[in-house]
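Engineer: Sharing a structure with you now.
The values are calculated or read from the model by the stated rules, or taken from the named source; none is laboratory data. Because the structure is predicted, anything quoted here is derived from the model rather than measured. Glycine also receives a Cβ, built like all others from the backbone with ideal geometry; neighbour counts cover every protein chain displayed. In case anyone asks, the SASA skips ligands and DNA or RNA and just uses the protein heavy atoms, side chains included. Shrake-Rupley method; radii C 1.70, N 1.55, O 1.52, S 1.80 Å.
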Amino acid sequence: MDLPKLGELHLRELEAGNDVYLKGSNLRILAITVNKSNQENVEYVPVKAKAGYAAGYNDPEFIASLPRYHIPNLPKNKTFRIFPTTGDSMLPFPEGTDIVAEYLQDWTSLKPGTPCIVLLKSDGHDLLFKLLTYQKKENHFLLRSLNHLYAPYTVPAEEILEIWKYHSHHTRQLPESTPLHQVMTAIAAMQEEIRELKRS
């Protein structure tokens, strides 16, 4: 797409995150690295590099500086990256869990509540691991945490730079049932019982 030939109105629509941008047709650049066999590497974005990722996500030199791995059995012809989690908003995923995520070109293809890594334009929270739902009417994305202590919120499509869809995760911790998790499970069970009582 030859951007200089587009009118001001069309450019504003693209900047606002409208259809062409959401579907990733021609506008987003994805920097990748390949090995000697011309196969894509899986880049790892360590915690110390997360702050710089928002500035260098489409910079080939920055991406080339990241640690690279080969993970067997990943689907071919797709691009994957590894992001470590921080904080407790996605418990029971413990902090430091490595999320293997697939680059998502067409954001409108997301099923409601899909776990994703989201790269935002705003400072402070550039990379987030959340459950995403696209709200077409408002052209917003609903971001929800697995930890119900965190309230869901919406982000305009134009504030998002990249979406990486959850594929798998790796952790060095054995899963355990924490008191918070037990309480949340009990509350969820009670809510289901209340719904059943209301139906009958």
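Engineer: For region 57-145, with every protein chain kept in place, what is the accessible area per residue (1.4 Å probe, Å²)? If you can, show how the numbers build up before the last one.
Structural biologist: Numbers: 4550 Å² over 89 residues.
That works out to 51 Å² per residue.
Engineer: Roughly to the nearest percent, how much of the accessible area of region 54-200 is carbon and sulfur, given a 1.4 Å probe?
Structural biologist: Accessible surface attributable to carbon and sulfur in region 54-200 totals 56 percent.
Engineer: Related question: When the solvent-accessible surface of protein heavy atoms is calculated with a 1.4 angstrom probe, in what order do LYS78, LYS50, LYS136 fall, highest first?
Structural biologist: On the way: LYS78 90, LYS50 30, LYS136 160 Å².
Result of the area sort, largest leading: LYS136, LYS78, LYS50.
Engineer: Taking K and R as +1 and D and E as -1, what net charge do the other residues with C-beta under 12 Å from the C-beta of VAL118 add up to?
Structural biologist: Details: positive: LYS121, LYS130, ARG144, LYS165; negative: ASP126, GLU159, GLU162.
With Lys, Arg at +1 and Asp, Glu at -1, the net is +1.
Engineer: Considering only the other residues whose Cβ falls under 15 Å of the Cβ of ASN147, what net charge follows from Lys and Arg at +1 and Asp and Glu at -1?
Structural biologist: 0
Engineer: For region 132-170, which GluC sites (Glu not before Pro) pass both filters: DSSP loop (anything but H, G, I, E, B) and at most 16 other C-beta atoms within 10 Å? Let's see the in-between values first.
Structural biologist: Values: sites: GLU138, GLU158, GLU159, GLU162; in loops: GLU138.
Those satisfying the criteria are GLU138.
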